[in-house]
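To start, the structure under review is shown below, and the notes come after it.
The values are calculated or read from the model by the stated rules, or taken from the named source; none is laboratory data. Computed from a prediction, not measured in an experiment: that's the story for all the values here. Accessible surface areas use protein heavy atoms only, side chains included; no ligands, DNA or RNA. Shrake-Rupley method; radii C 1.70, N 1.55, O 1.52, S 1.80 Å.
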Amino acid sequence: MKAGLNQYRITILAGIVLLVLLLAIMVTGLLGQLRDLSIAEDDNMQWGISQIDVEFANLNATISKRLSDNSLADSEIRLRLDIAISRLSILNSGRAATLFAGSDAIQKLVAPIEIFSERAIEISDKPGPITDVDLLRLRALTEEVRPNVRKIALLGVELNALRSEARRAEFSRQLTRTGGIAIVLLALMAVLMLLLDRMLRRAARRDAELLTSSQLLKSTVAASLDAIVTANDKGQIVEFNAAAEDVFGWKRDEIIGKTMEETFIPHRMRDAHHSGMARYLETGKPRVVDGGRVELAALRKSGEEFPIELNITSVKDDDGTKFIAYLRDISVRKINDQKLIDARDRAERTDKAKSQFLTVMSHEMRTPLNGILGVLDLLKTTKLTAKQSRYADIATASSEILLEHISEALDITRIEAGTFQLTPQDFDLPVLVHSIADVLEPLAREKQLGLGVQIDEIMRRSFHGDSSRIRQIMTNLIGNAIKFTDEGKIGIKVSGIHGPADSSLKFAVADTGAGIEAEHLEQIFEDFVALAHSEGRQSRGDGLGLSISRKIARQMGGDVSVVSEVGKGSTFTLTVPLQRQEHDPQESATNAINPVGLTEEAREILLVEDNNINRKVLRDMLYAMGHRVTEAVNGVDCLEQAEAKRFDLIFMDISMPEMDGIEATRNLRAGDGPNVATNVIGLTAHGQEEFREQAERAGMNSFHTKPIRLTVLRGIISGFGGALHSPLPTEALQELCAALGPDRVQDTGTSFFGELNAFIAEARSGGMPAGVSELAEAAHKIKGAAALLGLQNLEAKLAELELLARNDDVPDLAERIEEVERISQISQTDFATVVQSFRL
């Protein structure tokens, strides 16, 4: 600051000196011009011009006297002539030339005089004496130019007078300018003096403020809770506050003058410190200095090393570079951080152990559930009393609830572990939504609630996505709506927006229940949170349903949200992005390649399962379906059995001792034995996502999660072509029996199968040629009736026939009709079994 003030002062003084110098130069010039005016050069010049006329008069008088009395010598004549001619030289040189320059009148007067000079010189320089003739001629020349000489003298007087007047006027103007400039310079000098005075006063104030700020800074540094150490560019400590004394154990008087290297920098870091300071002083590039906060180690006076947080800044003054270090003892924080890290690691290990536990328990609980549900399914195929059938239904329902909880707990572990995977596939949206509503409609009907479905017309198409997860979420939302609505209705609305390639779908489930208070709207989506009945809607008994639904939706790129009003109801909305599919899903199903599988003549099945109970249950199920079963207890046993005999289908457990199902399948596909192309069905008690990709790469044709129910098992075998039985009719037929009674359903079934047999007979006799509309319409009509009765396989086969007929592409009608007849016979048997079970 002081150096800057001095510079300002020097600048102002230099300006004042420059102004004085300029003023002196102008005054000096003015005096010079004044001196010029006082010198009589112009008078001398005027006198010289006037003397020309005098000399010419003298010359003429001399010539006349010589002619009159011949008393003068030739030398006197020549002398006078030379004097006259020499006077003429004034006109062409010096100030006279400058005076006459540019005057045309002077030039006209001078021309005859120059001629006179030439002729007079000729007479004067002629050898011999000057004769009277010469004198007469010379006098004539003289008299001829004397008027011009006189005019030049007069004109010279006039021009000189004008010039003198101009010089006086210029001098006056110069004097005026000089005075004005002098006044301006004096004003500027006054302004500069005032500015200097103002700057001095401002500098005085700044000095006072700086002194106050310095005192305040000293007080702040002294009272700072952080250690502040100031050192010069040699590393010597020049300031050391009280906090630094507490941190390092040094007293200020003890450490001032010592270097940082010999006091609180650890020995192992001193070389790096020394080289770093030298590099900074040389290059000015920040690394630690002016580089922000860093964590390092320091030494106390006692020699104890401890961690510090350090920030070093630099400042330059007249004495060189100063380094200011702000240090904080972070040893306590480091200890606490380590405790937090240890606690986090323990929590992560606990969470990992929990996830592993849930995964293991899921597998271990699925295994006995597989046996329980399988035995219950087999039990239902036997003749039971009404009470026994009810007990079996209760046990089955309880097992299914337990299985659902296991699956959802496993979903949580997958999501938290980041291993959750989706299984997208093509599906028809209206079919999916209506099938969900059909399954849940009996629950709504029991509570006398309406259940309506509304699908926007633009959404009635096929999409590509994980339809099973959408079904899971929607089943949860609709089930909750039914469970916690006592009167009114449940509405399902499907809408959305089509983008360039994908679509954003909204599945809204609105109810007229008790509603949810605003403070609980987000709470219901937390894990293991269930609101009591007194507080409104209860999300689930275990508090996982909505939580899992939202997590799955977000894994799909969507979300689950809710709006609710207490006393009026709630609306839960699932939003999810899906890819649009332009093809008909029925066409995809028709064009799918069915693997070569079972036939009625060849139905050898290899069952590979390490759990005795599961193996026996699956074996009994397959026996009941009319298949011959060979058992294997692990992968090694499976390969031995597969080398010895060809099988039509292999059920392969994934997790087994000695050799698991993945490796066994891989070895089976890599060999050249009789079962290298046999269809392999993977079974696991784990979730499908864990092993699906591995199973597909190994060569498995299909993959299913335990427990395998009897109806599912029939569907699996039917899906691989030509099983002895199709899957049992779905819940639709059971609900139909419950609503209408078994007798009326039996009558409906008898009428349906009669029409079906008539259709088959007419198609065989050629009454409906392939490709005509009659075949398509007949197949469509019977397909609708099959769907109403829940005969899924028959419905699918008739839909395939309808599509081919509408496309005028049924080259193998007889074969198609035989396939419909075969499935019809199986369906009729299963239909009778279900109806009979309702009579017991």
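Put simply, the Cα atoms of the stretch 645-696 extend 31, 21, 17 Å along their principal axes, the longest span coming first. Cross-linked pairs K616/K706; K506/K706; K234/K316; K447/K568; K258/K322; K380/K616: Cα-Cα separations exceed 24 Å for K506/K706.
Counting only protein chains, not ligands or nucleic acids, how are Y326, Y391, Y280 ordered by accessible area (probe 1.4 Å), most first?
Largest accessible area first, the list is Y391, Y326, Y280.
Residues T230, T28 ordered from highest to lowest accessible area at a 1.4 Å probe: T28, T230.
Per residue, the stretch 438-528 exposes 49 Å² of accessible surface when a 1.4 Å probe is rolled over the protein heavy atoms with every protein chain present.
Can you return the lysines within cross-link range of K781? Criterion is Cα-Cα under 29 Å, with same-chain partners fewer than 8 residues away left out. Excluding near neighbours in sequence, the set is K493, K797. Of the two radii for the stretch 290-339, the radius of gyration is 1.12 times the Kirkwood radius, both from the alpha carbons; that is the Rg over Rh value.
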